[in-house]
Amino acid sequence: MRTSESPAPYRAFRGLSAFFWTEVRVQSHESTAMATSMVVQGVLLVFVFILDRSLLPVAFLGAIIFSMFTMGQRLLNEAAYVRIDHKATDLYLASPLTPEAFFLGMAAGVMLVYLSPVIILFVFAEIVVGYSLPTVLLLVGTGALVWLFSASFGYVISTFFRDNRAIWAYASLIFNGFGVLPPVFYPLSYFPAALQPIALMLPPSAATALLQASIGVTSLSIGAIALAASALAGETLAMFLFTIYWARRKVRED
Amino acid sequence: MPGPAADVSAEPLVARDLRKVYTTRGSPSVEALSGVSLEVRSRERVALLGRNGAGKTTFLKIASTLLRPTSGTIEIFGHDADRNPDRARPLIAVVPQEGKPFFHLTPREQIYTYLRTRGLSREVAQTRTATALDQMGLVEVQDRLAITLSGGQRQRTMVATVIATHAPLLFLDEPTIGMDPFARRAVWAALRELTRLGSTMLLTTHYLDEADALSDRLYIVERGRVLMEGTAEELKRSVGGTLKVTIAGQTQHVDLFRSFGTVMTDGTSLTVIVQPDSLGELMAIAVRERLTTTVGPVTLEEAFMRAVGRSINEDE
Ligand SMILES: Nc1ncnc2c1ncn2[C@@H]1O[C@H](COP(=O)(O)OP(=O)(O)OP(=O)(O)O)[C@@H](O)[C@H]1O
Ligand SMILES: [Mg+2]
C-alpha cells in the first residue's frame, strides 16, 4: 500500500547557492592558478605594447573577453577532476542537489574566483585606455554571455573524459584555438574578409567585434551587428539549455 | 528521520532481475550483473558481500541513480530509480567507493556545506556537523584542509559527511576501508545510531567481521548473481559446524580429519569445521599426533570462503 502523500515538487536549481559557495571556497585556494590564468593575455598585451600601442584599446578588450572565455577551461578541468579523481560528483549527484544546480554552482563558483584577476585587468585597462560607459556596459554584457557559453561548453566536454591525463591537451587546443586565432586580440579587419562572417558567429570574436565597433576601431554594418549579437546570444542560450539537458542525462553512466 | 517525500509504506529498496552489461568501445562487453533481485526493508542494515569484481559497486551505483541498468527494475521507496531518479535522489546518500572529500575544504566545511547543499537549515547543519565530527573522531583535525589529512582521516570525513545527512536510505561502498579498528567501530556505532533514528542502509565491505557485527542480513554476490541470502548466523550454520579447529603447519594430515567435517587448507595450516560434540574425538587425535591446535567459533569469513569457493569450483 502506498500513501497518497505527494512528493516535493522538482526545483531545478535546488541547492545551487550552497554548492556555489562550496566551490568558491574550494577554488579560492588556487592562488597560483588565479595568477597564471592571466599568462596568455598578459603575454599578448606585452606583444601589442611592443609592436603597436595604438592597438592597446582593442587588445585590452580582447584580453578581458579571452579571460571570460578561458573560465570554461577551468570549469572543464574542475568538473573532470572532481568526477574522476575525487569521485565526489557521486556524493553530490546522488542527493537532493539537482544536476543543473551542480553544473551552474560549480561554473559560477569558478567564475567568481577567477573574476578577481579580470577585475584587476579591467581597472588597469580603464587607467591606460579609459573606455566610455556604453563600452563598459557592453563589455559586461558580452563578457557574461561569453562566460556562460564557455562554461556550458566546458562542462559538456568534461563529461567525455574518463581519465584526467588527456584533458589539458584537448582543452588548451580548444580554448586557445577559439580564443587566440580569431580576431579577439586584434581588429576584425585584419582577419581574412571571406572568413569574417565565421568570426562574427564564434562567441568570443562576436563579442570583441561588437566591442571594437563600439570604440570605433571596426566598422560593422547593421547586418553584421545583428549577426554578431544574435549569434552570441543565440548560441549561448542554446549551449546553456543543451548543457542543462546534458548535465541531467550524464548524472548516470549508460 | 525520513524526509518529506519518503513513502514510508513502500520498501526502501526493491530490485528485480537487475542486469548490467558494460559496453566500452574497443574492449569486450562485461556482464557485471546477471539478474540480481534483492530487497532492503525499512530500518535494516544489509551487507553486500562478494569478491572483487562480483558486481557490488555496480549494484550500488544503479540503486543510487548513478548508473542505468541494462534491464530489470529498481525501486527506492516506491519510486522507479531508473525512470524517476529525481524522486529517489532526495531520499538517499552515498559513500562512493574510493570517494575523496574536497581537498581544499576542512572536514568541518565539507560536512557543513554538503548538508547545506542538501537543503538543511544552517542550525541543523551546524549541529549535525558537530555531532558527526565527534562521532568520527575528527574533532582534532576538523579545521585542517583535507589535503593535509591521512587516508583514514579522509575516509572518516566521507563517512561523516554522509551519516550527518540522516538520509532515509544510505548506500555505503566500503565505508571503512583504510580505517583503524577504533574508527571502524565508531562507524558501526554511528550507523547503528542512524538505524535507531529511522534510516535504512545497504553497505559493502570486505571485512567479514564488520558484516557480522553490523548487518541484520546479507547477500553474497558472485559473478553478478546472488549466491546466498540470510543472516550472518544462518550463513555460518550453512558451513556444517559451529566450531573451527586450526591445526598449524600440518597440511599433510588432511585425511586424518576429513571424517569430522569440512577441511580447508591454506598451505600453512588446516582448518576443520566441526560440531561441538565431535570436538573431543578430534582433539584426542590431535594430542596423539602432537599437533598444535587452536579452537574457535566459525566466523563469517569461513562461511564466505566456503560458499564462494564452492561456487568457483562448480564453475570450473
Ligand atoms: N565502467 C566499467 N566499464 C566496464 N566494466 C566495468 C566497469 N565498472 C566495472 N566493470 C566490471 O564489472 C564487474 C563488476 O565490477 P564492480 O565494480 O561492480 O565490482 P565490485 O564487486 O564492486 O568489486 P570490488 O570489491 O573490487 O570493489 C567487474 O568485472 C568490472 O571489471
Ligand atoms: Mg566495488
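Bear in mind these aren't lab numbers, they're just calculated from the coordinates by the rules spelled out. Keep in mind that what you see is a predicted model, and the values were worked out from it rather than measured. Counting neighbours? That spans all protein chains shown, and the Cβs are built from the backbone with ideal geometry, glycine included.
So what are the ³J(HN,Hα) numbers for region B:205-212, from phi and the Karplus equation (6.51, -1.76, 1.60; θ = phi - 60°), rounded to whole Hz, Gly and Pro as x?
Here the 3J(HN,Hα) series is 6, 9, 8, 6, 5, 5, 4, 5 Hz.
Grab the DSSP H runs of chain B that are 4 residues or longer, score each as -39,500 (n - 2.57), total them, divide by all residues and round the 222 nm result to the nearest 500 deg cm²/dmol.
About -10000 deg cm²/dmol.
Per residue of B:79-91, what is the mean number of Cβ atoms on other protein chains within 10 angstrom of that residue's Cβ?
Counting other chains' Cβ atoms within 10 Å and averaging over B:79-91 gives 3.
In what sequence do A:Ser132, B:Ser269 fall when counting other Cβ within 10 Å, fewest first? Don't skip to the answer; put the middle values down first.
Numbers: A:Ser132 10, B:Ser269 16.
Lowest to highest Cβ neighbour count: A:Ser132, B:Ser269.
How large is ³J(HN,Hα), in whole Hz, for each residue of region B:86-99 in order, when computed from phi with the Karplus curve 6.51 cos²θ - 1.76 cosθ + 1.60 and θ = phi - 60°, using x for Gly and Pro?
Couplings: 4, 7, 6, 4, x, 9, 10, 8, 10, 9, x, 5, 6, x Hz.
Starting at the first residue of region B:103-110, write each ³J(HN,Hα) from the Karplus equation 6.51 cos²θ - 1.76 cosθ + 1.60 with θ = phi - 60°, in whole Hz, x for Gly and Pro.
5, 9, 10, 7, x, 4, 5, 4
Restricting to Cα pairs below 8 Å that are 6+ residues apart, what does the relative contact order work out to for region B:13-233? Please round to a whole percent. Present the calculation step by step, with values, prior to reporting the outcome.
On the way: 438 pairs, mean separation 61.9, N = 221.
Relative contact order of region B:13-233: 28 percent.
Please state, as a whole number in µm²/s, the translational diffusion coefficient that the Stokes-Einstein equation yields for the protein assembly as shown at 20 °C and 1.002 mPa s, with Rh defined as the Kirkwood radius across alpha carbon pairs.
On the way: Rh = 27.0 Å.
D = 80 µm²/s.
Counting only other chains, and only Cβ atoms inside 10 Å, what mean value do you get across the residues of A:81-92?
6
When DSSP assigns beta bridges and you keep just the ones with both residues in region B:13-233, what percent turn out antiparallel, to the nearest 5?
55 percent
Calculate the tail of P(r) for chain B: the fraction of all Cα-Cα distances greater than 26 Å, expressed in %. Intermediate results must be reported in sequence, preceding the final value.
Details: 26568 of 49770 pairs.
So the pairs more than 26 Å apart make up 53 percent of the total in chain B.
For B:Arg217, which sequence-distant residues (separation of 5 or more, or a different chain) have an amide H within less than 5 Å of its own amide H, given hydrogens modelled in the peptide plane?
The answer is B:Arg45, B:Ala47.
How many angstrom separate the Cα center of region B:206-279 from the Cα center of region A:125-177?
Cα centroid of region B:206-279 versus Cα centroid of region A:125-177: 61 Å apart.
Can you tell me the order of A:102-111, A:152-161, A:67-76 when each peptide is scored by its average per-residue count of other Cβ atoms within 10 angstrom, highest first?
A:67-76, A:102-111, A:152-161
Would region B:25-145 count as rounded, prolate or oblate if I go by the C-alpha gyration tensor, calling it rounded below 1.5 in a/c and otherwise prolate when a/b exceeds b/c, oblate otherwise?
prolate
Only Cα pairs under 8 Å and at least 6 apart count here; give the relative contact order of chain A as a rounded whole percent.
27 percent
In whole Å, what is the distance between the alpha-carbon centres of region A:44-108 and region A:191-254?
One Cα centre to the other: 17 Å.
Report the label-to-label distance for B:Glu229 and A:Ile225 in nanometres (one decimal), using points 7 Å from each Cα along the Cα→Cβ vector.
A separation of 7.1 nm, rounded to one decimal place.
Grab the DSSP H runs of chain A that are 4 residues or longer, score each as -39,500 (n - 2.57), total them, divide by all residues and round the 222 nm result to the nearest 500 deg cm²/dmol. Could you put the intermediate results ahead of the total?
Details: 11 runs with 179 residues, N = 254.
The per-residue figure over chain A is -23500 deg cm²/dmol.
B:Val36's amide H: which non-local residues (gap 5+, or another chain) put their own amide H closer than 5 Å, with H modeled 1.01 Å from N in plane and none for Pro or chain starts?
B:Asp17, B:Leu18, B:Arg19
Which one, B:Gln110, B:Ala213, B:Gly151, is farthest towards the positive end of the dipole of region B:13-233 when Lys and Arg carry +1 and Asp and Glu -1 on their Cβ?
It is B:Gln110, whose Cα lies furthest towards the positive end.
Starting from one equal scatterer on each C-alpha and no solvent at all, send me the Debye-based log10 I(q)/I(0) for region A:16-253 at q = 0.08, 0.17, 0.18 Å⁻¹, two decimals.
Log10 of I(q)/I(0), two decimals: -0.30, -1.23, -1.34.
Let me spell out the model: positive unit charges on the Cβ of Lys and Arg, negative unit charges on the Cβ of Asp and Glu, origin at the Cα centre of region B:238-316. What dipole size does that give, in debye rounded to 20? Numbers along the way, then the final one.
Working: 6 positive and 10 negative charges, 56 e Å.
With Lys and Arg at +1 and Asp and Glu at -1, about 280 debye.
What is the calculated FRET efficiency for B:Asp277 to A:Asn164, with r their C-beta to C-beta distance and R₀ = 51 Å, to the nearest 0.05?
Details: r = 60 Å, r/R0 = 1.19.
Given R0 = 51 Å and the Cβ-Cβ separation, E is 0.25.
If I take the Cα coordinates of region B:240-297 and project them onto the principal axes, what are the three extents in Å, biggest first?
So the three principal-axis extents are 24, 23, 19 Å.
Cα-Cα over 26 Å: which of A:Lys87/B:Lys56; A:Lys250/B:Lys56; B:Lys100/B:Lys236?
With Cα atoms farther than 26 Å apart: B:Lys100/B:Lys236.
At a threshold of 8 angstrom on Cα-Cα distance, excluding pairs fewer than six apart, so keeping six or more, what relative contact order does region B:240-297 reach in percent?
So the answer I get is 47 percent.
Among the trypsin sites (Lys or Arg not before Pro) within region B:140-213, which fall in a DSSP loop and have no more than 15 other Cβ atoms within 10 Å of their own Cβ? Spell out each step's value before the answer.
Working: sites: B:Arg144, B:Arg154, B:Arg156, B:Arg184, B:Arg185, B:Arg192, B:Arg196; in loops: B:Arg144.
The qualifying sites are B:Arg144.
Tell me the label-point distance for the pair B:Gln126, A:Leu56, using the 7 Å Cα-to-Cβ offset, in nm and rounded to one decimal.
Once both label points are built, they end up 5.1 nm from each other.
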